[in-house]
Amino acid sequence: MPVDIQRIEMDQLAVWRVRRGEDELLIAEQGAQILSYRQGDAPPIIWLSEEAAFHQGQSVRGGVPICWPWFGDLARNPQAVQASYHGEQPAPFHGLVRALPWQLREQRSEDDVAILELHCPQAIGELPGWPHQVELTLHVRLADDLQLTLSSRNNGSVAVSISQALHTYFAISDIHQVRVEGLAGCPYIDTLHNWEEHQQQGDLQFGSETDRIYQNLPSVLTLVDPGWNRRIQLTTRSSTSAVLWNPWIDKARRLSSFADDAWQRMLCIETANVTEDVVVLEPGQCHTLNTSIRPLGLQPKTT
Ligand code: TA6
């Protein structure tokens, strides 16, 4: 299967277009943000907003923004993560790196697999208010699945605590039809209702705004989409937490670069290390957060 990797421009952003046979992946150098992923002429796997803007210094709506060195509202993070930031400015939502210039360090093809590696030079002592020396790298592997590996190596002399997420926007046929398997029995925090703790009963289906932090997760979650006759299998390593988010009608109207009806066509399943699953990087230690996104047919193989 032929592999082709080209650098293109999308408005103000430099983007790498990776083609593997009929499959295509777009990844912006800014934020090392996956923008889109499709296999052949099937519906896209990763969702990109129809109203996305490709501007320097602004995270693109959709794809896989990288939330690091904290997820969400810093004030809602464990104290050790909060203590890592000494900025004079209010802490930005979803950390410091998702709209920074990253650099492509490597691109190659091995047989019929495309491999790219990007790193964030500023994470090594140059992030405003975050005086740590961490080598931050995203490794991308496009084969029959899409594998993302976010590595954080502490090159400093003191330990640092981080929370993080691969904030993946999945494209779906219809939010009313999909369900997520693998969450049954897991505890979750409902951030829309006073961060109360609950336990998931059965598969997760959607009927209103949903913004939940799941914990003690198994390594495999499955997004089942009958409308597009497919399942997306999400397999993770070194993560036992995930954020499930759909803005629904009212919040959709308040989001930037987000069509009023787009809530019906997307679902975020965010592979994370948050709350009790945060990461402590001792000096010299490296943590790798890995996820594999694999589209499958609707019915599991009987063999
Ligand atoms: O991950 C879910 C979430 O924290 C939601 O609450 C919503 O704010 C979403 O992230 C998008 O955040 P953003 O800053 O990208 O608009």
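The values are calculated or read from the model by the stated rules, or taken from the named source; none is laboratory data. Quick caveat, the model's predicted, so the values are computed rather than measured. Positions of Cβ are generated from backbone atoms using ideal geometry, with glycine treated the same way; all protein chains shown enter the neighbour counts. Heavy atoms of the whole protein, side chains included, go into the accessibility calculation; ligands, DNA and RNA do not. Shrake-Rupley method; radii C 1.70, N 1.55, O 1.52, S 1.80 Å.
Structure values in brief
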{"read-out": "Local electrostatic count, residue 134, Cβ distance below 15 Å [Lys/Arg +1, Asp/Glu -1]", "value": "-2"}
{"read-out": "Charged-residue dipole, Cβ positions (Lys, Arg, Asp, Glu), segment 3-297 about Cα centre, Debye nearest 20", "value": "180"}
{"read-out": "Cα centroid of segment 170-188 to Cα centroid of segment 280-300, whole Å", "value": "19"}
{"read-out": "Measure of compaction for segment 162-303 (Cα Rg per 2.2 N^0.38 Å)", "value": "1.07"}
{"read-out": "Theoretical gain in end-to-end length, residue 126 to residue 256 [0.36 nm per residue, Cα-Cα removed]", "value": "44.0 nm"}
{"read-out": "J(HN,Hα) series, segment 19-30, from Karplus relation 6.51 cos²θ - 1.76 cosθ + 1.60, nearest Hz, glycine and proline x", "value": "10, 10, x, 8, 8, 9, 10, 10, 9, 7, 5, 4"}
{"read-out": "Residue order for 94, 139, 193 - accessible surface, 1.4 angstrom probe, largest first", "value": "193, 139, 94"}
{"read-out": "Within-12-Å neighbourhood charge of residue 285 [Cβ basis; K, R +1; D, E -1]", "value": "-1"}
{"read-out": "33 Å tail of the calculated P(r), the chain, as % of Cα pairs", "value": "19"}
{"read-out": "Which of 195, 248 is most accessible, then next, and so on - probe 1.4 Å", "value": "195, 248"}
{"read-out": "Karplus-derived 3J(HN,Hα), 6.51/-1.76/1.60, for each residue of segment 84-93, Hz, glycine and proline x", "value": "7, 10, 10, x, 7, 7, x, 5, x, 5"}
{"read-out": "Linear extension gain, residue 50 paired with residue 190, 0.36 nm per residue minus alpha-carbon span", "value": "47.5 nm"}
{"read-out": "Simple spin-label estimate for residue 199 and residue 249 in nanometres, 7 Å along Cα-Cβ", "value": "3.4"}
{"read-out": "Inter-site label distance for residue 89 and residue 276 at 7 Å from Cα along Cβ, in nm", "value": "3.5"}
{"read-out": "Total charge dipole magnitude, segment 1-93, about the Cα centre, Cβ charges on Lys, Arg, Asp, Glu only, Debye to nearest 20", "value": "240"}
{"read-out": "In Å², nearest 10: area of residue 24 left accessible to a 1.4 Å probe", "value": "40"}
{"read-out": "Normalised contact order of the chain, rounded percent, pairs of Cα under 8 Å and 6 or more residues apart", "value": "17"}
{"read-out": "1.4 Å probe accessible area per residue over the chain, in Å²", "value": "42"}
